[in-house]
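Just below is one structure, and these are the notes that go with it.
The values are calculated or read from the model by the stated rules, or taken from the named source; none is laboratory data. All values derive from a computational prediction rather than experimental measurement. Backbone-built Cβ (ideal geometry, glycine too); neighbour counts: all protein chains shown. What goes into the accessible areas is simple: the full protein's heavy atoms, side chains included, and nothing from ligands, DNA or RNA. Shrake-Rupley method; radii C 1.70, N 1.55, O 1.52, S 1.80 Å.
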Amino acid sequence: MFSLFGVPTDAAYHLVAGFTGTLTPVLGGLAAVAAIVAVTVAVRLVLMPLSFRALRGQAVQARLAPQLQALRQRYAKKPEQLQREMSALYKREGTSMFAGFAPLLLQWPLLSVIYLLFRSPRVGGKPNTLLTRDLFGVPLGMHWLSGAGPLSVHGAVFAGLFVLLAGLCWLSTRLARLMSVPPAVPAAGPKAAAGPKAAAGTGALVKVLSYLTVVIAAFVPLAAGIYLLTSMGWSLAERRLFLSRRQAVE
């Protein structure tokens, strides 16, 4: 991965380092943090059309979920017929099963470059000087587990990061529920009794996985944690804007 993204990561490093130098006379020690936030926002702004395409695709998938569930129940023992019926449904709706996934996949290379920049101790064979900057005295290259403990400034900075990330995860979970359309097709027989239990189990798993970002932040440098916080906050704002637009149309 490092060899694949080496050249773009090196280019991004010089861009962020130069921006940090420009901001230093104004913001002092906070210049590097401001540069991380600004570059992350700029990248997400460039990728915003893809993000909205992904959200539209996810909304269509949620709307079609009851019909897809009915088809799976009807043709459970006829996989070839099921595939044809699902393809016909997607064709009638002018979409595909990859509508919500493909735009996210297209964003992956650029987001990976930025993420690598903020977590790599070396870029282009040289030390990543961005990670030598600090936030309230805590170096941006420092990890949570490598500090002086929870009662130190180091612990307080990371605790604040985790609390903010957890808050965004909670808001994202609530917003995801608002954006989803619950299946409305009733099941019959033994599968009906198992349905609510399966849904409850899936829902619990989704809730747990939604906080995975907090776990990741505990094992990456502080700079990468700030990137995750900024990127997640931007994603939440995009979802809120998309939902507001959809509600206005409806």
Check: Over the heavy atoms of Leu131, what accessible area does a 1.4 Å probe trace out, to the nearest 10 Å²?
Finding: 20 Å²
Next item on the list: State the percentage of accessible surface on the chain attributable to carbon and sulfur atoms; use a 1.4 Å probe and exclude ligands, DNA and RNA.
Entry: 70 percent
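What accessible area per residue, rounded to a whole number of Å², is obtained for the chain using a probe radius of 1.4 Å? It would help to have the intermediate numbers written out before the result.
Working: 14370 Å² over 250 residues.
Ligands and nucleic acids excluded, the result is 57 Å² per residue.
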Next item on the list: Please identify the helices of the chain, taking whole runs of DSSP H, that span at least 15 Å along their own axis as judged from the Cα atoms and have a mean Kyte-Doolittle score of 0.5 or higher.
Entry: 6-27, 31-46, 102-117, 153-179, 190-210
Next item on the list: Note the full-extension length gain between Leu151 and Arg122 as 0.36 nm times their separation in residues minus their Cα-Cα distance, in nm to one decimal.
Entry: 7.4 nm
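Which FRET efficiency value, to the nearest 0.05, do you get for Val215 and Leu45 by plugging their Cβ-Cβ distance into 1/(1 + (r/R0)^6) with R0 = 22 Å?
0.20
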Item checked: Most fluctuating residue given options Tyr90, Tyr75, Tyr115, as computed from a GNM of the chain linking Cα atoms under 10 Å -> Tyr75
Check: For the residue pair Ala34 and Gln69, what label-to-label distance in nm results when each label sits 7 Å from Cα along the Cα-to-beta-carbon direction?
Finding: 5.1 nm
Note to self: If each residue of separation counts as 0.36 nm, what is the full-extension length gain between Arg174 and Thr22 once their alpha-carbon separation is subtracted?
What the structure shows: 50.8 nm
Check: Gap in Å between the Cα centre of region 12-47 and the Cα centre of region 224-250?
Finding: 21 Å
Notebook entry, point to check: What is the dipole size for the chain, taken about its Cα centre, with +1 at each Lys and Arg Cβ and -1 at each Asp and Glu Cβ, in debye to the nearest 20?
Noted result: 1040 debye
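Over the Cα atoms of the chain, compute the convex hull volume and normalise it per residue, giving Å³. All intermediate terms of the calculation are to be shown ahead of the outcome.
Working: hull volume 40.9 nm³, N = 250.
Given the Cα convex hull of the chain, per-residue volume reads 164 Å³.
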Item checked: For region 1-115, with +1 on Lys and Arg beta carbons and -1 on Asp and Glu, the positive-most of Pro109, Thr22, Gln58 along the dipole -> Gln58
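What is the Cα radius of gyration of region 130-183 over 2.2 N^0.38 Å, N being its residue count? Please report the intermediate quantities before stating the final value.
Values: Rg = 16.2 Å, N = 54, 2.2 N^0.38 = 10.0 Å.
Normalised Cα radius of gyration, region 130-183: 1.62.
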Note to self: Along each principal axis of its Cα atoms, how long is region 82-155 end to end? Whole angstroms, biggest number first, please.
What the structure shows: 60, 34, 18
